[in-house]
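Asker: Here it is, the structure in full.
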Amino acid sequence: MRSSCVLESRTLFCHMGIFDRIHPIFTLRFTQLQHLNASTESKSRIFSRCLSQCPLRQQSSYSSVSMSSVQAPLNQEVVIALGSNVGDRIKNFNEALRLMKKSGIQISRHGCLYESEPAYVTDQPRFLNSAVRGTTGLGPVELLKVLKQIEKQLGRTDGIRYGPRPIDLDILFYGSHKFESDILTIPHERMWERPFVLAPLIDLLGMASSDDTESIWNSFSGCNGGLFEEWQKIGGETSIGREGLRRVLPIGSQLWDWSKKTHIMGILNLTPDSFSDGGKFHEVASAVSHTRKLILEGADIVDIGAQSTRPFARRLSAGEELQRLVPVLDAIMQIPEVERKLLSVDTFYAEVAYEAVKRGVHIVNDVSGGQLDPDILTVVGELEVPYIMMHMRGDPCTMQSEGNLHYEDVCEQVASEICARAREAELSGIPLWRIILDPGIGFAKTTEHNLEILMNLPSIRKEIAKRSLAASHAPLLVGPSRKRFLGDICGKDNAAERDPATIAATTAGILGGSNIIRVHNVKDNLDAAKICDALLRRKIVRETSE
């Protein structure tokens, strides 16, 4: 062992994991060893005290205790990096996550998804990279063996170092400990020089976290500013989109880079009672015709809804919603205009989401963020499609009640509440790299709240970043189209007359950082988006040159 490691004999390393997991005292003692600049004699004295308190001491000496003999190990928090550049990379990631969970690794957080140029050996395909955070009862060597077995199951074979592979799984952190042996070094020895490793690792943290484990991970970097300083040293956020590293979201068989332009989501309501266009498109022929119109005018996504979510709307059952949706959806899937376009289903029912995706829909758009049918989170996780989570309190019948309209700070509370829903989605099996966030303009909001959100989208991202940096990087959708607050401000009772006000609102949203705008009038809002995108590109050029 080199002098930089925590424990200085290989015999001690081999058994350190078991002592640390047998009793909480060892977490403290080994943490002391990590940070103690002491002599070998001092370190041995601390270890001897640990040994004297070991519950297995009466049965066997430490040298004869095997890690597999412990029946109830203490869970350790771990970070595992994922990489793939052979075969179906997204499928490889999905299968690796499934096998990790099956092996007892409880995944709680996901970084964003990155596509990167290969490093070291450059003559090979691009990689997908991410990282996950979770807990495990496995010891470090046991965990390594499990990950190597998963790699083997997914087709990885011995090959050149840093060469192509269907999956690569590396332990970046294991609890609050450092480890070093002939087969394993934690923290991973080359992580500090790799943007494609540090970017998803940083995603798993929060700017304002008081997490003791995160504090220790930051101390491992050797920089006063911790992991964040290491990230800045190799480019930080400015390296995203440059240096062969881009943040992407998987949709179907494609990787979507939402930073390139503002994407337009056109609205298709199949309802008789929607506030703007209720009753216009509930017949199959008219719905198909309107879909063609939305696409020809420039929609990137067509959002199909068969349930009205206007205030006080009657809630349909999942069966009633499907009766409206399925005939139209089946007809839309037959028209050539939808080729290479994206379809989303606007529903809060798990059953409806399942049926729509099986018929070809790419995205699930849930106004309730999983609150009205909790099964939708598990179902969307299993369907492996992007999930739009909107902020709403209550349901359409109660969202405008006095209690649901009370905010001390609307931007801070929307950020906090939508983060909580995203965490629930992650725990239900939806990786953060498939989540799109919507602050919910018009849902449990007053006119003042809506204006505050549109003016302060950057502050909402900052509030989200305090809790989860990955969530703060998620694509952001805003949907102010023709909503009542615009009519109240402009004196337009007829929703169809609110398009100019909608353009003003979507312009504010795009300049504030929205990546998707959901609108009824695609043609005019697309022109507004093009102008906004040109302004933002100009701003980036100016900032880069300064």
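Asker: With the structure loaded, tell me whether residue 424 is of a type in the set (Asp, Glu), closer than 15 Å to residue 109 by Cα and in contact with a helix residue (DSSP H, G or I) (Cβ under 8 Å, 6 or more places away or on another chain) or whether it fails that test.
Answerer: When the stated conditions are applied, residue 424 passes them.
Asker: Checking the conditions here, which among 304, 332 is crowded, with 17+ Cβ neighbours inside 10 Å and farther than 24 Å from residue 377 by Cα? Break it down into steps so the answer makes sense when it comes.
Answerer: On the way: 304 fails: farther than 24 Å from residue 377 by Cα.
Checking each option against the conditions leaves just 332.
Asker: Checking the structure you have, find out if any residue of the stretch 523-541 is at pLDDT 95 or above, open to solvent by less than 40 Å² (accessible area, probe 1.4 Å) and among the basic types (Lys, Arg).
Answerer: No, the stretch 523-541 contains no residue that is at pLDDT 95 or above, open to solvent by less than 40 Å² (accessible area, probe 1.4 Å) and among the basic types (Lys, Arg).
Asker: Among the listed residues 459, 468, identify the single one that is crowded, with 22+ Cβ neighbours inside 10 Å, of a type in the set (S, T, N, Q) and touching a helix residue (DSSP H, G or I) at 6+ places or on another chain (Cβ under 7 Å).
Answerer: The match here is 468.
Asker: Can I ask one more? So which residues in the stretch 351-360 are open to solvent by 10 Å² or more (accessible area, probe 1.4 Å) and not charged (D, E, K, R), if there are any at all?
Answerer: 354, 357, 360
Asker: Same structure again: Restricted to the stretch 131-147, and to residues that are open to solvent by less than 10 Å² (accessible area, probe 1.4 Å) and not in a strand (DSSP E or B), which residue is farthest from residue 248 (Cα to Cα)?
Answerer: 139
Asker: Restricting attention to the stretch 239-272, which residues are open to solvent by 50 Å² or more (accessible area, probe 1.4 Å) and either modelled with pLDDT of 90 or more or more than 30 Å from residue 189 (Cα to Cα) (or both)?
Answerer: Scanning the stretch 239-272 gives 246, 252, 253, 254, 259, 260, 261, 272.
Asker: One residue is enough: does the stretch 172-190 have a residue meeting the conditions within 15 Å of residue 80 (Cβ to Cβ) and either acidic (Asp, Glu) or assigned to a helix (DSSP H, G or I) (or both)?
Answerer: no
Asker: Give just the number: which of (1) open to solvent by 50 Å² or more (accessible area, probe 1.4 Å); (2) in contact (Cβ under 8 Å) with a residue 40 or more places away in the chain; (3) not in a helix (DSSP H, G or I); (4) not polar (S, T, N, Q) does residue 128 not satisfy?
Answerer: (1)
Asker: Tell me, please, whether a residue that is in contact with a helix residue (DSSP H, G or I) (Cβ under 9 Å, 6 or more places away or on another chain), closer than 24 Å to residue 363 by Cα, at pLDDT 95 or above and assigned to a helix (DSSP H, G or I) can be found in the stretch 481-501. Before you say what the answer is, go through the steps one by one.
Answerer: So in the stretch 481-501, the residues in contact with a helix residue (DSSP H, G or I) (Cβ under 9 Å, 6 or more places away or on another chain) come out as 481-490, 492-495, 497-501.
Keeping just the survivors that are closer than 24 Å to residue 363 by Cα gives 481-483.
Retained after the next criterion (residues that are at pLDDT 95 or above): 481-483.
Adding the requirement that they be assigned to a helix (DSSP H, G or I) leaves none.
No - not one qualifying residue is present in the stretch 481-501.
Asker: Collect the residues in the stretch 227-264 that are over 30 Å from residue 302 (Cβ atoms), touching a helix residue (DSSP H, G or I) at 6+ places or on another chain (Cβ under 6 Å) and either without any contact (Cβ under 8 Å) to a residue 40 or more places away in the chain or part of a strand (DSSP E or B) (or both), keeping them in residue-number order.
Answerer: Residues satisfying the conditions are 227, 230, 231, 245.
Asker: If you scan the stretch 148-189, which residues turn out to be among the hydroxyl-bearing types (Ser, Thr, Tyr), closer than 16 Å to residue 127 by Cα and buried (at least 21 other Cβ atoms within 10 Å of the Cβ)?
Answerer: none
Asker: For the stretch 96-125, how many residues are within 12 Å of residue 169 (Cβ to Cβ) and either part of a strand (DSSP E or B) or not β-branched (Val, Ile, Thr) (or both)?
Answerer: Total satisfying the criteria: 5.
Asker: In addition: Would you tally the residues in the stretch 330-356 being assigned to a helix (DSSP H, G or I) and of a type in the set (Phe, Trp, Tyr)?
Answerer: Let us first name the residues in the stretch 330-356 that are assigned to a helix (DSSP H, G or I), namely 330-332, 336-338, 350-356.
Keeping just the survivors that are of a type in the set (Phe, Trp, Tyr) gives 354.
Qualifying residue count, the stretch 330-356: 1.
Asker: Within the stretch 307-329, which residues are surrounded by 15 or more Cβ atoms within 10 Å (Cβ to Cβ) and assigned to a helix (DSSP H, G or I)?
Answerer: 318, 321, 322, 324, 325, 326, 328, 329
Asker: Follow-up question, since we're still on this one. Take the residues of the stretch 276-309 that are among the basic types (Lys, Arg) and out of contact with any Asp or Glu (no Cβ under 7 Å at 6 or more places or on another chain): which is modelled with the highest pLDDT?
Answerer: If we take residues in the stretch 276-309 being among the basic types (Lys, Arg) and out of contact with any Asp or Glu (no Cβ under 7 Å at 6 or more places or on another chain), then 293 is modelled with the highest pLDDT.
Asker: Residues being closer than 18 Å to residue 142 by Cα and open to solvent by less than 10 Å² (accessible area, probe 1.4 Å): count how many of those fall in the stretch 100-112.
Answerer: The qualifying residues number 2.
Asker: Considering only residues that are in contact with a strand residue (DSSP E or B) (Cβ under 9 Å, 6 or more places away or on another chain) and surrounded by fewer than 18 Cβ atoms within 10 Å (Cβ to Cβ), look in the stretch 212-238 and name the one that is farthest from residue 509 (Cα to Cα).
Answerer: If we take residues in the stretch 212-238 being in contact with a strand residue (DSSP E or B) (Cβ under 9 Å, 6 or more places away or on another chain) and surrounded by fewer than 18 Cβ atoms within 10 Å (Cβ to Cβ), then 213 is farthest from residue 509 (Cα to Cα).
The values are calculated or read from the model by the stated rules, or taken from the named source; none is laboratory data. What you see is a predicted model; the values in this text were computed from it and never measured. Note: ideal-geometry Cβ built from the backbone for every residue, glycine included; neighbour counts use all protein chains shown. For accessibility, only protein heavy atoms count, side chains too; no ligands or nucleic acids. Shrake-Rupley method; radii C 1.70, N 1.55, O 1.52, S 1.80 Å.
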